[in-house]
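The values are calculated or read from the model by the stated rules, or taken from the named source; none is laboratory data. Keep in mind the model is a prediction, meaning the values are calculated, not measured. Here the Cβ positions follow ideal geometry from the backbone for every residue, glycine too, while neighbour counts run over all protein chains shown. Please note that ligands, DNA and RNA were not included when accessible areas were found on the heavy atoms of the full protein model with its side chains. Shrake-Rupley method; radii C 1.70, N 1.55, O 1.52, S 1.80 Å.
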Amino acid sequence: MGRTLADMTTTPPTTRYVLGHSDTELARLHAQARMLAGATGAFFTLSGIAPGMRVLDLGSGAGDVAFLLAGRVGPSGSVLGVDSSETAVAFARDRARREGIGDVEFVVGDVRSLDVGDGFDAVVGRLILLYVDDPADVVRSAAELLRPGGVLLMMEYEMEAIASLPPHPLVTQIGRWLTGAFRHVGRDPVLGARLHDVLLRAGLDEPIALGLQAYFGHEDRRGARLGAETVRSMLPVIVSSGLATEQEIGIETLEQRLFDALASVEGILRIPTLVGAWGRVA
Ligand SMILES: C[S@@+](CC[C@H](N)C(=O)[O-])C[C@H]1O[C@@H](n2cnc3c(N)ncnc32)[C@H](O)[C@@H]1O
C-alpha cells in the first residue's frame, strides 16, 4: 500500500518515497502535473517521441506522464507505466478507465529491478530518479530495455531555482526548507542539473540536457498554492530535521502569506526548473 508522510522518518532511505500517497498527495501530484504538462510535451518533441511508439513510463505515479504519452504515441502506439506503489497504480488505472484513455497500462514494479519485457522504442521517467539511491544504475538498466536506436528521456527538478524576483525572505525561506528537507532524507534537490552527468555515466552517447523554467506573476494564486502545498507534503521532514517548527511554518496560513509576500514586492515566483535530459542507445 502507499506510504504516508510519517513513514519518512521510519522507513529506510532506500525504500521510501518521500512524499507518500495520501489522497492529498495524489491530488497535489495531479495539480503539479497540470503545470508540468507543457514542458513535458516539449521534452517529448525535442527527444523525438512520436506516434506509433511503444513507451515505458518509470515511476508513473498518478498516471499523468503516461496519459500525455498516450496522446503523443496515438492509437498505433502503447504505453506501460510502472510504479512501486499499489495505491498509485490503482489510482492511475481508475483514471484511465474514467477518462477513457486506451493503450495505456499500469503495473506495480520497482524501477531498480524491472521485469516488464524489452524492445521499447522509448523509456521516459519524470521525477523518479530523485527517489532512487543510484540514478545512473537505474538509467543503465532502463536503457537495456530499449531497442537499438531507442530514446531514453529523464526529467527532474533543479530546486535551487526557487526564488522570487525581486527576492522576498519568505520565498527564500521556503526554498531552504524544501531543499534542506530533501537533503535531510538523502535526496538531491538539484538532481535535474546533474542529469547530463547521470546519463553519461549510464553509458548514453552525447546526451542533451535542457531546463524549462516556469514563472508566476504575483496575481496568479497557483504559484502560492503550489508552494504551500509542497511545504505541506514535506512538513514532517522539515520539522523532524530541525529546519523549522510547525509554528514557524504556520501551514494553514502559508498560502495566503506567500501570496501577500509576493504582492508586497510585486514579485515573480520562480518555481523549480524542470530539466529534461535525453539520449539514444546505439
Ligand atoms: C513524484 S512522483 C512522480 C510521478 C510521475 N512520474 C509524475 O511526474 O507525475 C514519484 C513516483 O515514483 C514512485 N517510485 C518511487 N520509488 C520507486 C521505485 N523504486 N520504483 C518504482 N516507482 C517508484 C513513487 O511511488 C511515486 O509514485
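One residue stands out among those in segment 60-112 that are touching a Lys or Arg at 6+ places or on another chain (Cβ under 6 Å) and near the ligand (Cβ under 10 Å from one of its atoms): the one that is nearest to Arg147 (Cα to Cα), which is Val65.
When the test is whether a residue is out of contact with any helix residue (DSSP H, G or I) (no Cβ under 8 Å at 6 or more places or on another chain), more than 11 Å from the ligand (Cβ to nearest atom) and modelled with pLDDT under 65, Asp23 does not pass it.
Just one of the listed residues (Leu262, Leu243, Leu235) is in contact (Cβ under 8 Å) with a residue 40 or more places away in the chain, of a type in the set (A, V, I, L, M, F, W, C), assigned to a loop (DSSP other than H, G, I, E, B) and surrounded by 15 or more Cβ atoms within 10 Å (Cβ to Cβ), and it is Leu243. Cβ separations smaller than 8 Å between residues 6+ apart or across chains give the following pairs from segment 113-127 residues that are free of Cβ contacts under 8 Å to residues at least 40 places away in the same chain and closer than 14 Å to Arg147 by Cα to residues that are part of a strand (DSSP E or B) and more than 9 Å from the ligand (Cβ to nearest atom): Asp118/Leu146; Asp118/Arg147.
Quick check on Gly267: is it within 30 Å of Ala136 (Cα to Cα) and either touching a residue at least 12 places away in the same chain (Cβ under 8 Å) or open to solvent by 30 Å² or more (accessible area, probe 1.4 Å) (or both)? Judged against the criteria, Gly267 is not a match.
Checked against the criterion of being open to solvent by 70 Å² or more (accessible area, probe 1.4 Å) and either at pLDDT 95 or above or not small (Gly, Ala, Ser) (or both), the candidates Glu229, Glu252 yield just one match: Glu252. Pairs are defined by a Cβ separation below 9 Å, a sequence spacing of at least 6 or placement on different chains, a first member in segment 42-60 that is farther than 20 Å from Asp83 by Cα, and a second member that is away from the ligand (no atom under 16 Å from the Cβ) and part of a helix (DSSP H, G or I); the pairs so defined are Ile49/Val73; Ala50/Val73; Pro51/Val73; Gly52/Val73; Met53/Val73.
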